[in-house]
Amino acid sequence: MDRIEITGGMPLQGEITISGAKNAALPLMVASLLTDEPLALVNVPDLADIRTLSEILAAHGVTAEIAGETTARTLTLSARQITSTVAHYDLVRKMRASFLVIGPLLARCGEAKVSLPGGCAIGTRPVDLHLNALERLGAQIELEDGYVLASAPQGLKGAEIEFPFVSVGATQNLLMAASLAKGDTILRNAAREPETVDLGQCLIAMGAKIEGLGTSTVKLTGVSRLTGARHTVLPDRIEMGTYAMMVGTAGGQLRLRQTDADLIRSVIPVLTHAGLTVKEAPGEVTVSNGGQHLGVDVTTEPYPGFPTDLQAQFMALMSTCQGKSHITETIFENRFMHVPELGRMGARIAIDGQTATVTGVPKLKGAPVMATDLRASVSLIAAALGAEGTTTVSRVYHLDRGFEKIEDKLSKVGAQIRRIRG
């Protein structure tokens, strides 16, 4: 099993090109099920999750072709004929995003049998919101032996749906399903995340009629069919925020290219209050280490609030700040699993319910640590970049799911980092 070894104390200097967003690319890939014409996605990152979802979609009859490299990397998906409406457990258990196939399969084929999902163990993340909303569109739902059996032999019908709380996955599933439903659908308390907006914009390019993207109320008017399209995946705001925080832990200055500062608008004030300097320019953000860091309190919230996917990385930054910071997690109930591993490096963190109190220390110490999930794994790398000595991060297969060529990107800007195979 691969490990990553980091020797801390090397400031980061140079520029990093931000990859396409994994959390946008995955639902966009699933959208290929909605049409019998090719869907070309530009700027798709080279990640384990992309390959896994390609395998899952292949089981439904979707073919995939990849051309080009880096930001010109294009994944063309073609679901000319759906050969199976069953998503088996052995594939779906690998990633939660695969549950999104249920909406498109129902909308296009009138039936779907989808295993209950797996994924990172950072919370229960129930699929009830998806299923209840699909029932509102006229689907018949049954649970049997760990599978969801869904049918809509007469097709889906538009409805007014109010989510009891904001759910990115449920919003995305309903955007796809309602695009082909008969009549109008209104989604209230819909997710506003940029990745959800990106999906909606792709669906519009495919012929969907959608209004209100980026707001909490979205209206769709169903169409009889969708066409193929060519769509560019938006930059990964979590990768951008992660590298920005690494400037804080390691020191130095990074120019983050081919991105948009608006994607991390809620994060920038937090970084500046902590002592970093952030300069914006069209298509790029430059982050510089201003010296002593100060403790800053944050609470994770649905977009446009502070992202839960940056909580672990921010905790690594706060571990060497001056004074105390309080980090409250409101999205996932089990997303502090990185705390014991940061503690092995000398971080002083106390957990009380949903809040972590971080008391800054002058310096972290390198140690062998273990990644527990995707974001936790990169938080350990962030901490290791500024620690004394060498840190070895094991179970980095989590990392490979969401960060494209991270050791290559970091080594090119001065980090002493290498992958140990096997």
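The values are calculated or read from the model by the stated rules, or taken from the named source; none is laboratory data. These numbers come from a predicted model, not from an experiment. Cβ atoms come from the backbone with ideal geometry, glycine included; neighbour counts cover every protein chain shown.
Points to keep in mind about this one:
- Residue check, Ala170 under 28 Å from the mean Cα position of the chain (by Cα) and more than 21 Å from Ala24 (Cα to Cα): no
- Residue in the range 305-317 that is surrounded by 17 or more Cβ atoms within 10 Å (Cβ to Cβ), part of a strand (DSSP E or B), β-branched (Val, Ile, Thr) and assigned by TED's automatic domain parsing to the domain that holds Gly248 present: no
- Residue satisfying all of: in the range 110-134; under 22 Å from Gly200 (Cβ atoms) and more than 17 Å from the chain's Cα centre (by Cα); modelled with the lowest pLDDT among these: Val127
- Yes/no for Thr272 being at negative phi and assigned by TED's automatic domain parsing to the domain that holds Gly138: no
Let's see how each residue does on (1) assigned to a helix (DSSP H, G or I); (2) buried (at least 21 other Cβ atoms within 10 Å of the Cβ); (3) in contact (Cβ under 8 Å) with a residue 24 or more places away in the chain:
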{"site": "Ala191", "(1), (2), (3)": "no, yes, yes"}
{"site": "Glu195", "(1), (2), (3)": "yes, yes, yes"}
{"site": "Ile204", "(1), (2), (3)": "yes, no, no"}
{"site": "Ser224", "(1), (2), (3)": "no, no, yes"}
{"site": "Glu239", "(1), (2), (3)": "yes, yes, yes"}
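- Which numbered condition Leu220 misses (of (1) in a strand (DSSP E or B); (2) within 30 Å of Gln354 (Cβ to Cβ); (3) assigned by TED's automatic domain parsing to the domain that holds Gln154): (2)
- Output for the range 169-197, where each listed residue is within 19 Å of Met95 (Cβ to Cβ) and not small (Gly, Ala, Ser): Thr171, Gln172, Asn173, Met176, Glu193, Glu195, Thr196
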